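Below is one structure; the comments refer to it alone.
The values are calculated or read from the model by the stated rules, or taken from the named source; none is laboratory data. Owing to the predicted nature of the structure, the values given are computational and were not obtained by experimental measurement. Counting neighbours? That spans all protein chains shown, and the Cβs are built from the backbone with ideal geometry, glycine included. Just so you know, the surface numbers come from the protein's heavy atoms only, side chains and all, with ligands and any DNA or RNA stripped out. Shrake-Rupley method; radii C 1.70, N 1.55, O 1.52, S 1.80 Å.
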Amino acid sequence: MATETKVVSNGAGKGCCKYSGPGYATPLAAMSGPSEKLIYVTALYAGTGIEKPDYLATVDVDPNSPTYSSVIHRLPMPFVGDELHHSGWNSCSSCHGDASADRRYLVLPSLVSGRIYAIDTKENPRAPSLYKYVDPKEIAEKTGLAFPHTAHCLASGEILVSCLGDEEGNAKGNGFLLLDSDFNIKKRWEKPGHSPLFGYDFWYQPRHKTMISTSWGAPKAFTKGFDLQHVADGLYGSHLHVYSWPGGEMKQLIDLGETGLLPLEIRFLHDPSKDTGFVGSALSSNMIRFFKNSDETWSHEVVISVKPLKVENWILPEMPGLITDFLISLDDRFMYFVNWLHGDIRQYNIEDPKNPVLTGKIWVGGLLQKGSPVKAVKEDGSTFQFDVPQIKGKSLRGGPQMIQLSLDGKRLYATNSLFSAWDRQFYPGIMEKGSHIIQIDVDTDKGGLSINPNFFVDFGDEPEGPALAHEMRYPGGDCTSDIWI
């Protein structure tokens, strides 16, 4: 364990009122929070051919600021080759009732190197600093875990991190790493013999005493790029793992079958009393609703299907949409998801979770945009492509990937890097030209999406060369970091 500085937790205000911890008392209260002014973005050189450290970029998203729509700070990691990916917080709205809790550290798991960084964002929110990191050798020695992915804060002050395999990249070694509030390794979270088949994302809903995790694949497979044969060989997942919370016992294994190949991101509805949520199946390109039955078991159903498109000049005769990220507005009214290969972002009204209604759709990249060699083929044999607008004179490259929504639900941000090995395979152009962030204005009354023409952050112009941008976080929390209890 390497430590840059030692920071004493800020307990200011302790005991002054019932709720004075981080975040908000309810999801609806969060919607009335302040507008975002900064976004922290994981940016990487791992896998690009540029031998520089990955970094955390601070982006100015305040339209009244002179540095609006630009990177204002870069915090490089101390090593090369990490592959920064997702991020989380040491403390969030699940700790809102704890006056001693403090949302201070952004947690950055490195998917390839296995390091887990803790970044201090409180000292100077516009210029975060490294607090410490957890060494991957220590993680492996104490728990057998490697390839950390998703980090969620717990009401206890601990931090839970999903890990996708063992040091050799076997999925069989995957599970959940429990860290204490100062990032010391405690143990594996799940009970012995209760590890998932594959690892990826997870979400917990304490009032229903349940945590559910999803399945990507074996690191030794996905780190080399995507090979369809690896799916047939059983190196990718199609299951949900239902755990007792906080006990860590696997209560149910849900096989999604062919309709749920590569189930990636998972979200319960934000209302902590609700016993339903969604998971996005990337390869099958289905949105799947899961829900609790009267006997305390869980079931699932496909509620949205993105049909594959027949194509020419591509590696396969049909192209899936590839749903790689989605989120739910804090009032549980709208769902947004991306089709990374097709290139569209969609908005659905989910007030009736069983019957989502498409209310908005916008093309912001993809392999089928005009000018691409790849074309979609209609039933009559004619071909077509999609119009993708330029922003500030720049063509949109890659496909929409990670998304983040403002607290009030009116602004949606999107990056375009999935994972460096897959970026190189499917969108080699962003290796040369870098990622970008775009912002989409959202109509929350009637539904609808439109591009903000004044916002474009070009990671092709970075000082050390074109970089890949992945997940985004607001300093005060957001709809994919915070869980209510």
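Cβ contacts < 7 Å: first residue in a helix (DSSP H, G or I), restricted to segment 127-143; second residue modelled with pLDDT of 95 or more and not aliphatic (A, V, I, L, M), any location; separation 6+ or different chain. Result?
Filtered contacts from segment 127-143: 136/113; 136/114; 136/115; 139/114; 140/167; 143/187; 143/188.
If you go through segment 301-320 one residue at a time, how many are open to solvent by 50 Å² or more (accessible area, probe 1.4 Å) and under 22 Å from the mean Cα position of the chain (by Cα)?
Final tally of qualifying residues: 2.
I want to confirm something. Restricting to segment 331-348 and keeping residues that are open to solvent by less than 10 Å² (accessible area, probe 1.4 Å) and either among the hydroxyl-bearing types (Ser, Thr, Tyr) or not in a strand (DSSP E or B) (or both), which single residue is nearest to residue 383 (Cα to Cα)?
Applying the filter and picking the extreme gives 342.
What number of residues within segment 372-387 satisfy the criterion of being open to solvent by less than 70 Å² (accessible area, probe 1.4 Å), within 21 Å of residue 315 (Cβ to Cβ) and either in contact (Cβ under 8 Å) with a residue 40 or more places away in the chain or part of a loop (DSSP other than H, G, I, E, B) (or both)?
8
Identify all residues within segment 418-437 that are under 20 Å from the mean Cα position of the chain (by Cα) and either in a loop (DSSP other than H, G, I, E, B) or polar (S, T, N, Q) (or both); write none if there are none.
418, 419, 420, 427, 434, 435
Could you look through segment 110-145, keep only residues that are out of contact with any Leu (no Cβ under 8 Å at 6 or more places or on another chain) and open to solvent by less than 20 Å² (accessible area, probe 1.4 Å), and pick out the one that is nearest to residue 22 (Cα to Cα)?
Within segment 110-145, the match that is nearest to residue 22 (Cα to Cα) is 131.
Identify all residues within segment 438-473 that are assigned to a loop (DSSP other than H, G, I, E, B) and open to solvent by less than 10 Å² (accessible area, probe 1.4 Å); write none if there are none.
The one that is assigned to a loop (DSSP other than H, G, I, E, B) and open to solvent by less than 10 Å² (accessible area, probe 1.4 Å): 467.
Between a first residue in segment 230-246 that is more than 13 Å from residue 212 (Cα to Cα) and a second residue that is among the charged types (D, E, K, R) and buried (at least 16 other Cβ atoms within 10 Å of the Cβ), which pairs have beta carbons less than 8 Å apart while being 6 or more apart in sequence or on different chains?
Correct list of pairs: 235/220.
Take segment 154-173 and flag every residue that is closer than 30 Å to residue 478 by Cβ, out of contact with any helix residue (DSSP H, G or I) (no Cβ under 6 Å at 6 or more places or on another chain) and not hydroxyl-bearing (Ser, Thr, Tyr).
Answer for segment 154-173, where residues must be closer than 30 Å to residue 478 by Cβ, out of contact with any helix residue (DSSP H, G or I) (no Cβ under 6 Å at 6 or more places or on another chain) and not hydroxyl-bearing (Ser, Thr, Tyr): 154, 157, 158, 159, 160, 161, 163, 171.
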